[in-house]
Amino acid sequence: MKKILISTVAVSALLFTVSCNTDFDTDVSNVVVTNGEANFTKFVSVGNSLTSGFRDGALYSDGQLQSFPAIMAQQMKLAGGGEFKQPMMPNNIGGFSSLFVASGQTEFYGKLTLKVVAGALSPTPSAPAGDIDFIGGAGKMFNNMGVPGAKSYHLGVAGYGNPAGISLGLANPYFARFATSVSAKVIDDAVNQAPTFFSLWIGNNDVLSYATSGGAGVDRTGNLNPATYGSNDITDPNVVAGAISGYVNALTANGAKGVIANIPNVTSIPFFTRVPNKPIPGAPATVTALNNAYAAYNAGILQAKDLGAITQAEYNARLIKFTVGVANGAVILDKDLTNLGPNVPPLRMSTSKDYILLTASSQLNPTVGGGTSVPLADKYVLTEKETARVLTATAAYNAKIKTIADGKDLAFVDANAKMMELSGASGIQFDGVKYTAAFVTGGTFSLDGVHLTGRGYALIANEFLKQINLKYKSTLPMVNVNNYQGVTFP
């Protein structure tokens, strides 16, 4: 059974160096820094948690200082860029006390840190350091307009930063902190700063909330009214494209140039890949007991097949049989299976095409039968069918985002390709250090398994800088990724 355990060997891998070149082919370290055809005087960055610097399950000051747009702004200053002001959190822990309590202590906690739990290192949430500090108001502008939790269409919603709407689920507490008014829209607060250059990276949460909830929402493809969506639903691709196109039109209306990024596949990030899809070892004694325990269930689905209620293929998929000496799938609830009534629940064993979520780690506990005698709940698994919905939507979003970028002649960052490169066996090399998407030991993903470390954000910042240089003939230098924060060990 799987625990989040990080060994000293794995930790050593973080420090492993190789004799190879940096994976950025536009090294301008020896070139005079120029802005080229771009004007970096007023840089505004619009997006979601990835833009804000969110990491380790929280937004906190160290993360914000190493957000990818803040890193970019440092380089832009070398080519005439101005001040880059961020809506800084008041502490280095994060979280919001009252919302933490209201959520039943499941959301808005402080940052995750590695602690020894039951003999193993495990990410552990901190208590929030305080309640919301409202720092916005009329005339108070911030260059970093990254709003954790925002979906594409949220940036154009009036009142998304209204404190009165937070408890009703109508407003976002992170935007409420720094909105210029209770009726402000994120995109208006960005455009009203008259940016000369912008970055826009939005759309991740339009599929991510569905994926991280184990497919708890609905695929809304074909439904163009986001007012009817639930928080975990997949957004229709035309809604995403319409929202992003509108934002780009607004941001470029006065001649600003910019850069836009696409959406990474969720299957490239450790929240979905850390726990193996076959996490149950085949010990002889437990295998016999488990197979005996599921004999009645197997008889039930056999009867359903013989009666024509399910196909042979579904019968094969639902058959629960543990095998000695090999890794077995976990028993999971799959709501996409045929409903055979309360006496024959929708169970099957996970396969190599399912993704068991990072949050399931604590559930795969042999002492309570998690994943064996006690099936994993739907929220802990992104099944093959659910994964297909996510990847289909992501591909549709990305096709439209590329079209928008090309139509406005903007620089374009293929973040999906970069994340796939990072998740490959070779990873990404920078100045002799190998980075991968491996949980904790890869050096680039923070303890929540979704957001990046300072080093991960630096890698992304370099990719943005690279594409800006290519598009606008600027010579912004890359940053040294190794100088930024990774995962902190106790």
May I ask you to list the residues in the range 448-458 that are in contact with a strand residue (DSSP E or B) (Cβ under 7 Å, 6 or more places away or on another chain) and open to solvent by less than 10 Å² (accessible area, probe 1.4 Å)? Leu452, Thr453, Gly456
Residue set Val479, Val440, Val487; condition open to solvent by less than 40 Å² (accessible area, probe 1.4 Å), in contact (Cβ under 8 Å) with a residue 24 or more places away in the chain, closer than 17 Å to Tyr60 by Cβ and in a loop (DSSP other than H, G, I, E, B); output residue Val487
Matching option when the condition is closer than 22 Å to Ala70 by Cα and surrounded by fewer than 17 Cβ atoms within 10 Å (Cβ to Cβ), among Ala194, Ala190: Ala194
Out of (1) open to solvent by less than 40 Å² (accessible area, probe 1.4 Å); (2) more than 18 Å from Ala461 (Cβ to Cβ); (3) part of a helix (DSSP H, G or I), what's the single condition that is false for Gly63? (2)
Of the residues that make up the range 51-71, is at least one at pLDDT below 95 and at negative phi? no
Which one of these is under 18 Å from Ile401 (Cα atoms) and either under 21 Å from the mean Cα position of the chain (by Cα) or not hydrophobic (A, V, I, L, M, F, W, C) (or both): Asn172, Asn205? Asn205
Examine the range 45-52 for a residue that is outside any helix (DSSP H, G or I) and open to solvent by 50 Å² or more (accessible area, probe 1.4 Å), and state whether such a residue exists. no
Screening Ala289, Ala261, Ala295 for residues that are open to solvent by less than 70 Å² (accessible area, probe 1.4 Å) and under 29 Å from Ala211 (Cβ atoms) leaves only Ala261
Index of the failed condition, Val266 passing every other in (1) closer than 30 Å to Asp206 by Cβ; (2) open to solvent by 10 Å² or more (accessible area, probe 1.4 Å); (3) among the β-branched types (Val, Ile, Thr): (2)
All but one of (1) without any contact (Cβ under 8 Å) to a residue 12 or more places away in the chain; (2) small (Gly, Ala, Ser); (3) within 21 Å of Lys402 (Cβ to Cβ) hold for Ala415; which doesn't? (1)
Return the pair list, or none, for Cβ contacts closer than 8 Å from residues in the range 277-289 that are without any contact (Cβ under 8 Å) to a residue 60 or more places away in the chain to residues that are open to solvent by less than 50 Å² (accessible area, probe 1.4 Å) and hydrophobic (A, V, I, L, M, F, W, C), at least 6 apart or on different chains. Gly282/Phe322; Val287/Phe322
For the range 291-314, give me each residue that is closer than 26 Å to Lys379 by Cβ and either in contact (Cβ under 8 Å) with a residue 12 or more places away in the chain or in a loop (DSSP other than H, G, I, E, B) (or both). Ala293, Tyr294, Tyr297, Asn298, Gly300, Ile301, Ala304, Ile310, Glu314
Ala138: passes all of (1) over 23 Å from Thr235 (Cα atoms); (2) modelled with pLDDT of 95 or more; (3) open to solvent by less than 60 Å² (accessible area, probe 1.4 Å) but (3)
Does at least one position in the range 232-241 carry a residue that is surrounded by fewer than 17 Cβ atoms within 10 Å (Cβ to Cβ) and either at pLDDT 95 or above or part of a loop (DSSP other than H, G, I, E, B) (or both)? yes
Ile280 passes all but one of the listed conditions (1) under 30 Å from Gln467 (Cα atoms); (2) touching a Leu at 6+ places or on another chain (Cβ under 9 Å); (3) surrounded by 20 or more Cβ atoms within 10 Å (Cβ to Cβ); (4) not basic (Lys, Arg); the exception is number (1)
Quick one: Asp431 ticks every box in (1) at pLDDT below 95; (2) farther than 22 Å from Val450 by Cα; (3) open to solvent by less than 60 Å² (accessible area, probe 1.4 Å) bar one, so which box is it? (3)
Applying the selection to the range 404-431, what residues are within 16 Å of Lys257 (Cα to Cα) and outside any strand (DSSP E or B)? Ile404, Ala405, Asp406, Gly407, Lys408, Asp409, Leu410
Note on the range 315-337: residues of a type outside the set (D, E, K, R), part of a loop (DSSP other than H, G, I, E, B) and in contact with a strand residue (DSSP E or B) (Cβ under 9 Å, 6 or more places away or on another chain) are Leu319, Ile320, Phe322, Ala327, Gly329, Ala330, Leu337
Quick one: how many residues across the range 92-131 are more than 23 Å from the chain's Cα centre (by Cα) and open to solvent by less than 50 Å² (accessible area, probe 1.4 Å)? 3
If we ask which residues in the range 338-364 are modelled with pLDDT of 95 or more, in a loop (DSSP other than H, G, I, E, B), closer than 18 Å to Phe322 by Cα and open to solvent by less than 30 Å² (accessible area, probe 1.4 Å), their number turns out to be 2
Please enumerate the residues belonging to the range 299-337 that are open to solvent by 30 Å² or more (accessible area, probe 1.4 Å) and of a type in the set (S, T, N, Q). Gln303, Thr311, Gln312, Asn316, Thr323
Among strands (runs of 3 or more DSSP E) completely within the range 82-156, the ones holding 1 or more residues that are of a type in the set (Ser, Thr, Tyr) and under 26 Å from Thr359 (Cβ atoms) are 110-117, 120-126
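The values are calculated or read from the model by the stated rules, or taken from the named source; none is laboratory data. Just so you know, these numbers come straight off a predicted model, no measurement behind them. For neighbour counting, all protein chains shown are included, and Cβ atoms are generated from backbone atoms with ideal geometry for every residue, glycine included. Areas reflect the complete protein model, heavy atoms only, side chains present, ligands, DNA and RNA absent. Shrake-Rupley method; radii C 1.70, N 1.55, O 1.52, S 1.80 Å.
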